[in-house]
Amino acid sequence: MKTLLLSAPGEFQDYRRQLHKDVCIGFVPTMGALHEGHLSLIKASKQNNTHTVVSIFVNPTQFGANEDFTQYPRDIQKDFKICQEAGVDVVFAPEISQMYPNNDEISINPPKNMGYIYEGFIREGHFNGVLTIVLKLIHLICPHHIYFGQKDAQQLLLIKRLVSDTFLPTKVIPCPTQRDFDGLALSSRNIYLSPQDRKEALKIPIALQNIKKAIQEGEINTSVLIELGKKELKGLEVAYLDACDYNLVQIQKIRQNASIILIAAKVGKTRLIDNLWI
Ligand code: AMP
């Protein structure tokens, strides 16, 4: 099987048109710098679809003015090779001008209650950018299934809302967070961490593990669980450590299959996020 590398939306539409009508397309949107986290999404897609499409696009509209858009790691050749080895059918890697052909663009606003807290509060306009590009990509790719990591919990919940609120004919498939040998959630931004930062960063998964254990032992009071987490995170610049439901509303008590613990913290110059789905 040959992996195609397409960059023009029109090229993708031509490819899509010549496919048999019975195909089942799985789509994995990414910003590249692929790691095992991305690969787990690709594997999930390969298992349940006849064709897997991976997009690689560092989306400028989801980066704030002071963020790492220009430094974000880019290596399309390496990523393409990883996709080839993983048996991806199409890598779609457009130019910015192809995804945003106009200076004055349509943009999607997230719901007020979900889109402007946590990541949306710290990263102004972030979810407008995410929802806008994902909507464009879904219209272009027309996937039956679209794969997102639980690592980006708020993003995943907002994409689910995008799909349900706008009646998009695709199913969102959440995939569990993949971790490095030491427990740190895999992220393209982990390369920014110095060895010392990395040691410090491990406080984040440890805090989540401690919270998980306390919940397993019967603790459901979120104030107790948050205090427990805070103890472990001492020394880090914590942006938030919170417990909420799937509408991102803060909760006082944990409910099984309906709660998340969210953490964002800065380690050195790098902001990391991680979470625990309960
Ligand atoms: P990104 O390239 O960072 O935009 O991520 C693309 C997709 O990969 C998103 O759905 C992420 O949630 C997912 N992803 C990133 N890191 C991980 C991870 N460690 N485990 C599982 N999925 C991940």
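The values are calculated or read from the model by the stated rules, or taken from the named source; none is laboratory data. None of the values given here were measured: they were computed from a predicted structure. Ideal geometry is used to build each Cβ from the backbone, glycine not excepted, and the neighbour counts take in all protein chains shown. Note: accessible area is taken over every heavy atom of the protein model, side chains too, but ligands, DNA and RNA are not part of it. Shrake-Rupley method; radii C 1.70, N 1.55, O 1.52, S 1.80 Å.
Charged neighbours of residue 39, selected by a Cβ distance under 12 Å, balance to -1 (K, R count +1; D, E count -1).
Relative to the longest principal Cα axis of the chain, at what angle does helix 126-141 sit, 0 to 90 degrees, rounded to 10? Between helix and principal axis, roughly 30 degrees. For the chain, the mean residue ellipticity at 222 nm estimated from helices alone is -11000 deg cm²/dmol, where every DSSP H run of n ≥ 4 contributes -39500 (n - 2.57) and the total is divided by all residues, rounded to the nearest 500. Here the 3J(HN,Hα) profile of region 240-249, calculated from phi with Karplus coefficients 6.51, -1.76 and 1.60 at θ = phi - 60°, is 7, 9, 8, 10, 8, 8, 6, 9, 6, 8 Hz, Gly and Pro shown as x.
Working from label points 7 Å from Cα in the Cα-to-Cβ sense, the residue 13 to residue 48 distance is 2.9 nm. Fully extending the segment from residue 113 to residue 167 would add 17.4 nm, taking 0.36 nm per residue of separation and subtracting the current Cα-Cα distance.
Using the structure shown, list the pairs from 203/269; 160/253; 78/136; 43/203 with a Cα-Cα distance above 18 Å, or answer none.
Cα-Cα > 18 Å for 160/253; 78/136; 43/203; rest within.
A 1.4 Å probe, protein heavy atoms only, puts the accessible area of residue 208 near 10 Å². Each Lys and Arg Cβ is given +1 and each Asp and Glu Cβ -1; about its Cα centre, the chain then shows a dipole of about 460 debye. Per-residue Karplus couplings for region 154-171, computed as 6.51 cos²θ - 1.76 cosθ + 1.60 with θ equal to phi - 60°, are listed in order as 5, 4, 4, 5, 6, 5, 4, 5, 4, 5, 6, 5, 10, 6, 6, x, 9, 10 Hz, Gly and Pro entered as x.
Within the shell of other residues whose beta carbon sits under 10 angstrom from the beta carbon of residue 175, the net charge comes to +2, with Lys and Arg scored +1 and Asp and Glu -1. In the neighborhood of residue 222, defined by Cβ-to-Cβ distances under 14 Å, what is the net charge if each Lys or Arg adds +1 and each Asp or Glu adds -1? Within the 14 Å Cβ shell, the charges total 0. Between rounded, prolate and oblate, where does region 4-175 land on the alpha carbon gyration tensor, with a ≥ b ≥ c its root eigenvalues, rounded for a/c under 1.5, else prolate if a/b exceeds b/c? It comes out rounded by the Cα gyration axes. In the full protein context, region 92-189 carries 48 Å² of accessible surface per residue, based on a 1.4 Å probe and ignoring ligands, DNA and RNA. A 1.4 Å probe over all protein chains sorts 228, 248 by accessible area into 228, 248, starting with the largest. Size estimate for region 188-277 follows the Kirkwood approach: the inverse of mean 1/r over distinct Cα pairs works out to 13.3 Å. Out of all DSSP beta bridges with both ends in the chain, state the antiparallel percent to the nearest 5. Among the beta bridges of the chain, antiparallel pairing accounts for roughly 50 percent.
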